[in-house]
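The values are calculated or read from the model by the stated rules, or taken from the named source; none is laboratory data. Just so it is clear, the structure is predicted and the values come from calculations on it, not from any experiment. Here the Cβ is made from the backbone with ideal geometry for all residues, glycine too, and neighbour counts use every protein chain on show. Accessible surface is based on the protein model in full, side chains and every heavy atom, while ligands, DNA and RNA are left aside. Shrake-Rupley method; radii C 1.70, N 1.55, O 1.52, S 1.80 Å.
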Amino acid sequence: MGTEPPSPDPLLQEGKLLDRVYNTYLQMHTHQTVDFVRRKSAEYGGCSLRRMSAMQALQLLDQLVDESDPDVDFPNSLHAYQTAEGIRRAHPDKDWFHLVGLLHDLGKVLVLFGEPQWAVVGDTFPVGCKVQKSVVFHDSTFHDNPDTRDPRYNTECGMYQPHCGLENVLMSWGHDEYMYRVMKFNNFALPKEAFYMIRFHSFYPWHAHGDYKHLCNEEDLRMLPWQVRSVHQAGGAARREGAAGVLPGPDR
């Protein structure tokens, strides 16, 4: 008579998951520098390395589990559909917004093309200025980042002027920035709000904690209350429901 294999210890599984998340951010916060972001921007900014449709990219995400996310242990393709459906249910009259939900994580295909996860996934932050306290693991993961000791980059505004506008700020390199550049390169016929959502949906220190306002201009602040937060809220609601999330939002 066979015996059932022991069930995995949930505390042990949770510990391994949190270790995975922390190590991803440790690598990210060590290597995401001004020089690194500029190199990646030059490497991918021309969008000339390969050609594929959005649906082909979405299918590739069947193979990807985001190592920076403690709440998700399933392929990113499912998260894309969940988010799009959550937005569709909450805002049925905004078809462009449904598309943003489907597209928002497509840039993560960079992992499948050889980039390490720390250079693709996770929360984003501006490089070239002082790291704010709301950046995840800010107090224990930046000690080996050379920019934190560079006087050009370690003051409140660093290499930027106050209220210069986020369009003039270098964000840590990842799927958000890559997909934003793909959209611009291909002249996506979407409203400006869509480009903000794609570029800044992982910029949690800004849209969830209110930091980095000293770099924002009036246009950034106009976008903040609804356009950027909505993708974030829809994705979270969809995860909690396991399918489609419904979120409140102002009519436009």
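Going by what's in this entry, would residue 41 be described as within 28 Å of residue 191 (Cβ to Cβ), open to solvent by 10 Å² or more (accessible area, probe 1.4 Å), among the small types (Gly, Ala, Ser) and without any contact (Cβ under 8 Å) to a residue 40 or more places away in the chain? Spell out how you get there, then give the answer.
Numbers: within 28 Å of residue 191 (Cβ to Cβ): yes; open to solvent by 10 Å² or more (accessible area, probe 1.4 Å): yes; among the small types (Gly, Ala, Ser): yes; without any contact (Cβ under 8 Å) to a residue 40 or more places away in the chain: no.
No; evaluated as a whole, the condition is false for this residue.
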Inset, instruction - Please find, within the stretch 21-38, the residue that is most open to solvent (accessible area, probe 1.4 Å) out of those that are touching a helix residue (DSSP H, G or I) at 6+ places or on another chain (Cβ under 7 Å) and closer than 18 Å to residue 178 by Cα. - result: 31
Inset, instruction - Could you tell me which residue of the stretch 92-120 is farthest from residue 199 (Cα to Cα), considering only residues that are at pLDDT 90 or above and acidic (Asp, Glu)? - result: 93
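Do you know which of the residues in the stretch 143-158 that are of a type outside the set (Lys, Arg) and either modelled with pLDDT under 95 or outside any loop (DSSP other than H, G, I, E, B) (or both) is farthest from residue 202 (Cα to Cα)?
Of the stretch 143-158, the ones of a type outside the set (Lys, Arg) are 143-148, 150-151, 153-158.
Restricting the remaining residues to those that are either modelled with pLDDT under 95 or outside any loop (DSSP other than H, G, I, E, B) (or both) gives 146-148.
Working: 146: 23, 147: 21, 148: 22 Å.
Only one residue tops the list, namely 146.
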Legend entry - Residues of the stretch 169-200 classified as open to solvent by less than 10 Å² (accessible area, probe 1.4 Å), of a type in the set (Ser, Thr, Tyr) and touching a Lys or Arg at 6+ places or on another chain (Cβ under 9 Å), total: 0
Inset, instruction - Examine the stretch 159-174 for a residue that is within 21 Å of residue 120 (Cβ to Cβ), part of a helix (DSSP H, G or I) and within 10 Å of the chain's Cα centre (by Cα), and state whether such a residue exists. - result: no
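Which residues, taken from the stretch 93-148, are touching a Pro at 6+ places or on another chain (Cβ under 8 Å), within 30 Å of residue 52 (Cα to Cα) and open to solvent by less than 40 Å² (accessible area, probe 1.4 Å)?
Filtering the stretch 93-148 for residues touching a Pro at 6+ places or on another chain (Cβ under 8 Å) gives 96, 123, 125, 132, 134-135.
Now narrow it down to the ones that are within 30 Å of residue 52 (Cα to Cα): 96, 123, 125.
Hit for the stretch 93-148 is 125, nothing else.
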